[in-house]
Each structure stands twice: as structure tokens, then as C-alpha cells.
Amino acid sequence: MLQKVRKAVFPVGGLGTRFLPATKAMPKEMLPVVDKPLIQYAVDEARASGIEEFIFVTGRGKVLIEDHFDRSYELEQVLMERGKHSVLENLTNSLPSTGAVAYTRQQEPQGLGHAVWCAKRFVGNEPFAVILADDLILSDTPCLKQMMETREQKGGGNVIAAMEVAHEHTSRYGIISPGEDDGKTVEVTHLVEKPTPEEAPSNLAVIGRYVLEPEIFDLLENQSRGAGNEIQLTDALSKLLNNSPFYGLRFDGTRFDCGDKLGFLHANLAFALAREDIGKDFKEIVRDVSQSL
Ligand code: UTP
């Protein structure tokens, strides 16, 4: 029987230099889109996809993320006294259950591949998911759930989230060399990290969601530094696809690059407009602002 994907890794050890000074003392994953930190969206997505264990690979700002996913008795007490029951309920319901969260520290930000490798002991020998919280996805069905369903349909293997990007932007992404393609799921035959438009084998980019077989850890362990002098996840994935089935899924949903200022602002706009409680009023504000431009 196909082994279930139960664990998700959240690499949150990057420096977030594109968001300084906001990220000087606070990890960028704590930046809020409307009223929820990016990392909370990522954990909610994982939970809604059936993930049971949550592994954070932190760097600096660890305390903030740990506190965010912990009970806050004083706050809960105050909310209770003030009769703010629905706020309190939302807060407590959003917490992963006790014992389901683990933290490990990437002592030096040596790259995403290194951050994933740091989770090796916590994941063990089973398939797992990786979610990059700064890739925020607005969708009806959680992106990770779509990917886990694809894995089940295929009878196992690795699945990465894929998205068509403008040809001139290929150098910002890992790019897929496509094999068999049914328009939704594509067989990945090769991966190239940040190719120029001339070198790019397609315009199908890898987005920050991965469902991986545990063999990736051995590949990461022995890997030398790649682009940007960092241990790149893409390099290890390129080796993994030689000995394990590998698919890219064109997921249903809109992705926002919240590691980038404009992407982050765009996400705030889209998520606020999609909200039942404030969407209508916010639309008026957006209309007023755009008329005054
Ligand atoms: P980015 O490439 O966005 O790097 O990382 P960054 O350092 O976070 O941000 P900038 O470019 O300086 O603004 C992509 C993802 O990989 C994680 C980041 O936290 C982010 O989720 N990451 C990156 C690590 O966990 N460790 C690393 O060493 C590098």
C-alpha cells in the first residue's frame, strides 16, 4: 500500500533580505497578509491537506514562530473576560495539537537544500511535504492537497507544484524540462536552476511546494554548494529524478511571491478582496484609490 504523507517541513531559516528592515528582528514568514502571518497560511494549508506533523527549520526569529504556535494563557484569559469568544475559539483552533510540532535550527543559512536536510532526523524514512511559506497560494482546494492526490493517482513518486511563467522571467525560478504531459500533470525529465530565457527548456517553473521521497536526504547530504554558493534543493531534485518517478502539477489556484515586495502587496490585495468580512468595503477603498490615480 502507498505510504501516506504525514509530515511537512517548513524551511523558515532564510534571511529575507528583500524585506529589510521589516525582517531585521522578525522572520519574513511572520509578515501578515491581511491579519494572518504567512507561516500560519502554510500550516493551515498543510493541515487541510491531511498533514499530521509539522517540522520547522528555523534560523533567527525562532522564538516568534514558536510563540505563535503555542498557547498564550494570559491572552486567552483576557479574551475570555472580555467575552471575545469567537476570537478565542479561532486562536485555539488554529494551533497544531500538542506534540505534533518540532523545531530544529539551521545554524547558518546555507540554502534551501541545506534547510530541508536539517529536517532529516525528524522526517525519517517516509515521504514528506515541503512548504515555502513565502509562496502563498489562493485556491479553493489547498495546493498541497492537489499534489497529494496526484501522488496517489500516480501510485507514488515525487510531485512538485508547477506554474507557467513569462519567458523573460525563467531566470528567477527552477525550470522543468517536460516529458509526457497531459496538460495538468507533467513528467519531469530534468530541472534547471534559474536558466536564462535562452537556456530554459520550458517556461514551466517550480513553486514552493514539494512532495518528496526520503531518498532526497542522502542526495542532499553529499551535495556540494551550487548557484549563489548555497546548497540548492533543485540540484538534489535533479539527481532524485534519475531514480524515482517525478511529476510537476499545474495546480489550480493563484500563487503570490510574498518574498518580494510587489508580490506581497498583491497578495494582501487579493486576500483582502476575497474575504467575506471585509472584502466588500475594501473593494470600495480600492475603487477610490484607483480613481484618484
Ligand atoms: P529565499 O530564496 O527567498 O531567500 O528562500 P531568503 O533569504 O528567505 O530571502 P531574500 O532572498 O534574502 O529576501 C526561499 C525559502 O527558503 C528558505 C527561506 O526561509 C524561504 O522560505 N531558506 C532559504 C531557508 O530556510 N534557509 C536558507 O538557508 C535559505
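Could you check the range 187-210 and list, in sequence order, the residues that are away from the ligand (no atom under 16 Å from the Cβ) and out of contact with any Leu (no Cβ under 8 Å at 6 or more places or on another chain)?
Answer for the range 187-210, where residues must be away from the ligand (no atom under 16 Å from the Cβ) and out of contact with any Leu (no Cβ under 8 Å at 6 or more places or on another chain): GLU187, VAL192, PRO195, THR196, PRO197, GLU198, GLU199, ALA200, PRO201, SER202, ASN203, LEU204.
Residue check, LEU112 against (1) aliphatic (A, V, I, L, M); (2) under 19 Å from PHE56 (Cβ atoms); (3) modelled with pLDDT of 95 or more, all met but one. Which one?
Checking LEU112 against (1) aliphatic (A, V, I, L, M); (2) under 19 Å from PHE56 (Cβ atoms); (3) modelled with pLDDT of 95 or more, the one that fails is (3).
Residues in the range 1-15 that are of a type outside the set (A, V, I, L, M, F, W, C) and away from the ligand (no atom under 15 Å from the Cβ): how many?
Step one: filter the range 1-15 for residues of a type outside the set (A, V, I, L, M, F, W, C), giving 3-4, 6-7, 11, 13-14.
Now narrow it down to the ones that are away from the ligand (no atom under 15 Å from the Cβ): 3-4, 6-7.
Of the residues in that region, 4 qualify.
Could you check the range 37-149 for strands (runs of 3 or more DSSP E) lying wholly inside it with 1 or more residues that are more than 16 Å from GLY208 (Cα to Cα), among the basic types (Lys, Arg) and within 12 Å of the ligand (Cβ to nearest atom)? Show your work before the answer.
Numbers: elements: 53-58, 101-105, 128-131, 135-138.
Filter on the range 37-149 gives 101-105.
Answer yes or no as to whether VAL5 is in contact with a helix residue (DSSP H, G or I) (Cβ under 7 Å, 6 or more places away or on another chain), assigned to a strand (DSSP E or B) and of a type outside the set (D, E, K, R). Give the steps one after another, and end with the answer.
On the way: in contact with a helix residue (DSSP H, G or I) (Cβ under 7 Å, 6 or more places away or on another chain): yes; assigned to a strand (DSSP E or B): no; of a type outside the set (D, E, K, R): yes.
When the stated conditions are applied, VAL5 does not pass them.
Of the numbered conditions (1) within 15 Å of PRO245 (Cβ to Cβ); (2) more than 16 Å from the ligand (Cβ to nearest atom); (3) of a type in the set (A, V, I, L, M), ILE216 satisfies every one except a single condition; which is it?
Failing condition for ILE216: (2).
Which condition number in (1) within 10 Å of the ligand (Cβ to nearest atom); (2) outside any helix (DSSP H, G or I); (3) open to solvent by 30 Å² or more (accessible area, probe 1.4 Å) is the one that ARG18 fails?
ARG18 satisfies all of (1) within 10 Å of the ligand (Cβ to nearest atom); (2) outside any helix (DSSP H, G or I); (3) open to solvent by 30 Å² or more (accessible area, probe 1.4 Å) except (2).
Go through (1) open to solvent by 20 Å² or more (accessible area, probe 1.4 Å); (2) at pLDDT below 95 one by one and return the number of the condition GLN106 breaks.
Among (1) open to solvent by 20 Å² or more (accessible area, probe 1.4 Å); (2) at pLDDT below 95, the lone unmet condition for GLN106 is (1).
Can you list the helices (runs of 4 or more DSSP H) lying wholly within the range 196-293 that have 1 or more residues being surrounded by fewer than 16 Cβ atoms within 10 Å (Cβ to Cβ) and more than 18 Å from the chain's Cα centre (by Cα)? If you could, list the steps in order and put the result at the bottom.
Details: elements: 216-221, 233-240, 261-274, 279-291.
Output list reads 216-221, 261-274, 279-291.
Which condition breaks for ILE175 when tested against (1) within 16 Å of the ligand (Cβ to nearest atom); (2) open to solvent by 10 Å² or more (accessible area, probe 1.4 Å)?
Answer for ILE175: the failing condition is (2).
Out of GLY156, GLY183, report the one residue that is open to solvent by 40 Å² or more (accessible area, probe 1.4 Å) and either assigned to a loop (DSSP other than H, G, I, E, B) or among the hydroxyl-bearing types (Ser, Thr, Tyr) (or both). Write out each step before concluding.
Values: GLY156 fails: open to solvent by 40 Å² or more (accessible area, probe 1.4 Å).
The unique qualifying residue is GLY183.
Hey, among GLY174, GLY183, GLY155, which residue is over 24 Å from LEU269 (Cα atoms) and in contact with a Ser or Thr (Cβ under 6 Å, 6 or more places away or on another chain)?
Numbers: GLY183 fails: in contact with a Ser or Thr (Cβ under 6 Å, 6 or more places away or on another chain); GLY155 fails: in contact with a Ser or Thr (Cβ under 6 Å, 6 or more places away or on another chain).
Every option except GLY174 fails the conditions.
Look at the range 21-36 and say how many of its residues are more than 12 Å from the ligand (Cβ to nearest atom) and hydroxyl-bearing (Ser, Thr, Tyr).
0
Checking the conditions here, which among ILE231, ILE278 is under 30 Å from GLY156 (Cβ atoms) and of a type in the set (A, V, I, L, M)? Outline the logic, then answer.
Numbers: ILE278 fails: under 30 Å from GLY156 (Cβ atoms).
Only one candidate qualifies: ILE231.
The values are calculated or read from the model by the stated rules, or taken from the named source; none is laboratory data. Keep in mind the model is a prediction, meaning the values are calculated, not measured. As a convention, Cβ positions derive from the backbone with ideal geometry for all residues, glycine included, and neighbour counts pool all protein chains shown. With ligands, DNA and RNA removed, areas are computed over all heavy atoms of the protein, side chains included. Shrake-Rupley method; radii C 1.70, N 1.55, O 1.52, S 1.80 Å.
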